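The values are calculated or read from the model by the stated rules, or taken from the named source; none is laboratory data. Everything numeric here is computed off the predicted structure, so don't read it as measured data. Quick reminder, even Gly has a Cβ in these numbers, built from the backbone with ideal geometry, and neighbours come from all protein chains shown. What goes into the accessible areas is simple: the full protein's heavy atoms, side chains included, and nothing from ligands, DNA or RNA. Shrake-Rupley method; radii C 1.70, N 1.55, O 1.52, S 1.80 Å.
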Amino acid sequence: TTAHTFNVLPSAYAVADAIVRYAAEGKHASLSLLYPGDEYGEENRIAVGESAKSLGMPLISIEKYMRGSADLRAQILKFKADGSGAVVVVAYGPDYAVFLKQAKELGLGKPLFAVSNIQTPDAAQASAETGQRIWYSYPAASDFPSVISFAAAYRARHAGAGAFVPMYVGSGYDALTMLAAALGECGDVPECVNGYFRAVRGYPGANGPITFDARGNNGVAGGVEIRVLENGKFAAL
């Protein structure tokens, strides 16, 4: 149940709100949204919609797609003609690649924004091939000692790893090591494990410090920053 669920990453709402606010700062008065038709996509659709509404930014088009789709042209053509100022894309690595390539092919020509899971090799390769630029929000934790040490250890084991270690690598490591520590102290007593996590404050995680709030979300992951993918390279602004 949700009472026993803890998220080591910033919530989808925090990540979505950061990129929508960045779009608003760029004077984009309205947005369109592409999202996958699953639970992750639906959560982000709600989050983007709430953030846009709070800022008075209409969502002109809201288009759903099936994960793994090889053809997003219908959605892209709708975005091209709908009069929105920019497009927010919530997708998965291979799907971001399809979107970037077909947006270039169809001359979408609008500013593009995304969320944290764009930081994948598939999206980077598509950006390198097309020259497409896309801004995205990501946990702002690159300067924390625990992040630096984890990234160094990861690169030592994985030759050729990029400048940024994928966020979900660090989150998987944090979740596993934290759960192992909780089970070591509590055994298989759910109430004890639950209490252990609720008491976590400033845990030095691979993506930044972790503190769980009343809902089990990580409320202190160093915030969220804006990054950009351009010419196949991920970079912080």
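So if I check each of GLN102, GLN75, which one is touching a residue at least 24 places away in the same chain (Cβ under 8 Å), in contact with an Asp or Glu (Cβ under 7 Å, 6 or more places away or on another chain) and part of a helix (DSSP H, G or I)?
Details: GLN102 fails: in contact with an Asp or Glu (Cβ under 7 Å, 6 or more places away or on another chain).
Of the residues listed, the single one that is touching a residue at least 24 places away in the same chain (Cβ under 8 Å), in contact with an Asp or Glu (Cβ under 7 Å, 6 or more places away or on another chain) and part of a helix (DSSP H, G or I) is GLN75.
Answer yes or no: is there a residue in region 180-194 that is open to solvent by 50 Å² or more (accessible area, probe 1.4 Å), part of a loop (DSSP other than H, G, I, E, B) and closer than 23 Å to ALA236 by Cβ.
No, the conditions are met nowhere in region 180-194.
When the residues of region 63-82 are filtered to those that are of a type in the set (Lys, Arg) and over 21 Å from the mean Cα position of the chain (by Cα), which remaining residue is farthest from GLY41 (Cα to Cα)?
Filtering region 63-82 for residues that are of a type in the set (Lys, Arg) and over 21 Å from the mean Cα position of the chain (by Cα), the one farthest from GLY41 (Cα to Cα) comes out as LYS80.
Could you list, in sequence order, all residues of region 94-120 that are closer than 17 Å to GLY37 by Cβ, open to solvent by 10 Å² or more (accessible area, probe 1.4 Å) and either in contact with a strand residue (DSSP E or B) (Cβ under 6 Å, 6 or more places away or on another chain) or not hydrophobic (A, V, I, L, M, F, W, C) (or both)? Let's see the steps before the verdict.
Residues of region 94-120 that are closer than 17 Å to GLY37 by Cβ, as a first pass: 94-96, 98-99, 115, 117.
Then keep just the ones that are open to solvent by 10 Å² or more (accessible area, probe 1.4 Å); that gives 94, 98, 117.
Within region 94-120, PRO94, ASN117 meet the criteria.
If you take the residues of region 201-237 that are among the β-branched types (Val, Ile, Thr) and surrounded by fewer than 19 Cβ atoms within 10 Å (Cβ to Cβ), which of them is modelled with the highest pLDDT?
It comes out as VAL228.
Kindly evaluate LYS64 against the criterion of being surrounded by fewer than 17 Cβ atoms within 10 Å (Cβ to Cβ) and free of Cβ contacts under 8 Å to residues at least 24 places away in the same chain.
In short, no.
Looking at the structure I just gave you, is PHE79 among the aromatic types (Phe, Trp, Tyr) and more than 22 Å from VAL224 (Cβ to Cβ)?
So PHE79 fits the description; yes.
If we scan region 140-163, do we find a residue that is modelled with pLDDT of 90 or more, open to solvent by 20 Å² or more (accessible area, probe 1.4 Å) and closer than 16 Å to VAL15 by Cβ?
no
If I filter region 106-156 down to residues being assigned to a helix (DSSP H, G or I) and of a type in the set (Asp, Glu), which single residue comes out as nearest to GLY205 (Cα to Cα)? Let's see the steps before the verdict.
Going residue by residue through region 106-156, those that are assigned to a helix (DSSP H, G or I) are 106, 116-118, 121-130, 145-156.
Those still in the list that are of a type in the set (Asp, Glu) too: 122, 129.
Values: ASP122: 26, GLU129: 34 Å.
Out of the qualifying residues, it is ASP122.
When region 15-40 is examined, which residues are found to be over 21 Å from VAL228 (Cα atoms) and in a helix (DSSP H, G or I)?
Hits for region 15-40 are GLU39, TYR40.
Suppose we filter ASP122, ASP71, ASP82 for residues that are at pLDDT below 95 and either of a type in the set (Val, Ile, Thr) or over 15 Å from TYR13 (Cα atoms) (or both); which single one remains?
Of the residues listed, the single one that is at pLDDT below 95 and either of a type in the set (Val, Ile, Thr) or over 15 Å from TYR13 (Cα atoms) (or both) is ASP122.
Would you point out the residue of region 125-134, among those that are of a type outside the set (S, T, N, Q) and surrounded by 21 or more Cβ atoms within 10 Å (Cβ to Cβ), that is nearest to ALA14 (Cα to Cα)?
ILE134
Give just the number: which of (1) without any contact (Cβ under 8 Å) to a residue 60 or more places away in the chain; (2) open to solvent by less than 30 Å² (accessible area, probe 1.4 Å); (3) within 21 Å of the chain's Cα centre (by Cα) does TYR40 not satisfy?
Against the list (1) without any contact (Cβ under 8 Å) to a residue 60 or more places away in the chain; (2) open to solvent by less than 30 Å² (accessible area, probe 1.4 Å); (3) within 21 Å of the chain's Cα centre (by Cα), TYR40 comes up short only on (2).
Which condition does SER30 not pass, out of (1) surrounded by 14 or more Cβ atoms within 10 Å (Cβ to Cβ); (2) under 27 Å from GLY172 (Cα atoms), if it passes all the others?
Every condition holds for SER30 apart from (2).
Of the numbered conditions (1) modelled with pLDDT of 90 or more; (2) of a type outside the set (A, V, I, L, M); (3) under 30 Å from GLY41 (Cβ atoms), GLU191 fails exactly one; give the number of that condition.
Every condition holds for GLU191 apart from (3).
Hey, among the residues in region 157-192 that are of a type in the set (Val, Ile, Thr) and over 21 Å from TYR138 (Cα atoms), which one's farthest from the chain's Cα centre (by Cα)? Step through it out loud before you land on a result.
Step one: list which residues in region 157-192 are of a type in the set (Val, Ile, Thr), which gives 165, 169, 177, 189.
Checking which are over 21 Å from TYR138 (Cα atoms) leaves us with 177, 189.
Numbers: THR177: 22, VAL189: 33 Å.
Only one residue tops the list, namely VAL189.
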